[in-house]
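Q: Take this structure, written in structure tokens, and hold onto it; I'll ask about it next.
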Amino acid sequence: MSIEQREQTSVVTHALAQHTLTDLRSVDTEQVAFRKGLVKLGRLCGYEIIDEWLESAPTEVQTPLTSTTGDRLTGLDDVVIVNVLRAATPFVEGLLKAFPAARQAVISASRDESAGMNEEGEFPISVQYVKLPEIRPEDTVIVADPMLATGSTLSAVLAELLADNPEPKQVIVLSAVSAPAGLARIDSEFPAAKLVTVSVDDHLDDDGYIVPGLGDAGDRAFGTTE
Ligand code: URA
């Protein structure tokens with residue numbers, strides 16, 4: 001199923017998000033600008049998630065002149081943001097501007113690139129560190145990873161997250177750039193998860209990198225080379 005046909009999926013089309021992603025893609029964007037760009041994109045995606053997936057309710061408000069009815073978000077304080085180390089760190093910094101009251105989870109999961117991608121297009125994943133806050137049935141859990149490539153890392157993260165916790169109200173998998181194969185994998189393994197991405201790119205190369213993509217998001221954000 002293509003992402004366009006899947007319910008519970010959205011592509012962030014906001015012009016500033018697309019503009020920011022284009023800056024991130026550019027090979028000329030150096031480390032500090034890249035990191036700041038991911039922070040900005042995280043904030044914009046946070047606002048889009050609020051608009052699309054959080055509920056609001058009419059509420060009476062007294063202005064200096066009269067009383068009227070306005071809308072207030074109901075789930076803004078029931079949010080858990082999962083930082084998938086390490087590339088998600090600046091992305092999460094931006095998300096936290098949209099969700100200042102969020103509880104944070106940290107999961108370190110990385111793919112073993114030396115083992116290479118298998119014939120199914122998957123990498124072996126090692127999960128090294130997991131620190132989760134309490135997850136409650138009323139929570140919106142946002143799992144943030146700028147790059148949804150094969151889906152191997154996010155699949156391991158979601159399995160870890162949902163293993164011993166009560167099912168949250170909704171799980172949102174947020175990426176800046178995604179590959180069709182990764183989206184399809186998360187869709188088949190976690191059909192209830194909502195998928196939010198700024199771009200669905202063309203394909204994965206033989207090393208599991210997204211094409212056209214933006215390269216290695218962690219290396220570019222942290223100024224490392226491997
Ligand atoms: N991780 C990245 O940082 N970039 C890709 O293209 C794929 C995975």
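The values are calculated or read from the model by the stated rules, or taken from the named source; none is laboratory data. Here the structure is a predicted model, which means the values were calculated and not measured. Please note: Cβ atoms are built from the backbone with ideal geometry, for glycine as well, and neighbour counts cover all protein chains shown.
Q: Of (1) within 13 Å of the ligand (Cβ to nearest atom); (2) part of a strand (DSSP E or B), V130 satisfies all except one. Which?
A: The number of the failed condition is (1).
Q: Separate question: For the list (1) closer than 18 Å to N83 by Cβ; (2) touching a residue at least 60 places away in the same chain (Cβ under 8 Å), I need the number of the one condition that K131 fails.
A: The number of the failed condition is (2).
Q: So A88 ticks every box in (1) touching a residue at least 60 places away in the same chain (Cβ under 8 Å); (2) within 26 Å of I210 (Cβ to Cβ) but one. Which box is left unticked?
A: Failed condition: (1).
Q: Condition first: more than 21 Å from T22 (Cβ to Cβ), outside any loop (DSSP other than H, G, I, E, B) and small (G, A, S). Now tell me which residues in region 185-216 satisfy that.
A: S188 - this is the single residue of region 185-216 that is more than 21 Å from T22 (Cβ to Cβ), outside any loop (DSSP other than H, G, I, E, B) and small (G, A, S).
Q: Which residues, counting only those in region 47-63, are in contact with a Lys or Arg (Cβ under 7 Å, 6 or more places away or on another chain) and either aromatic (F, W, Y) or surrounded by 18 or more Cβ atoms within 10 Å (Cβ to Cβ) (or both)?
A: Listed by number, the list holds a single entry, W53.
Q: Which of the strands (runs of 3 or more DSSP E) contained wholly in region 1-80 include at least 2 residues that are modelled with pLDDT under 95? Let's see the steps before the verdict.
A: Numbers: elements: 9-11, 56-62, 67-73.
Strands (runs of 3 or more DSSP E) meeting the threshold: 9-11.
Q: Suppose we keep only residues that are near the ligand (Cβ under 9 Å from one of its atoms) and modelled with pLDDT under 95 within region 204-226. Which one would you say is surrounded by the most Cβ atoms within 10 Å (Cβ to Cβ)?
A: Only one residue fits best here, namely G208.
Q: How many residues does region 188-218 contain that are more than 18 Å from the chain's Cα centre (by Cα) and more than 18 Å from S155 (Cβ to Cβ)?
A: Residues meeting the conditions: 7.
Q: Applying the selection to region 134-174, what residues are touching a residue at least 60 places away in the same chain (Cβ under 8 Å), away from the ligand (no atom under 16 Å from the Cβ) and under 17 Å from E189 (Cβ atoms)?
A: V141, L161, P168, Q170, I172, listed by residue number.
Q: Please enumerate the residues belonging to region 133-174 that are out of contact with any Pro (no Cβ under 6 Å at 6 or more places or on another chain) and either assigned to a strand (DSSP E or B) or of a type in the set (F, W, Y) (or both).
A: Result: T140, I142, V143, A144, M147, L148, Q170, V171, I172, V173, L174.
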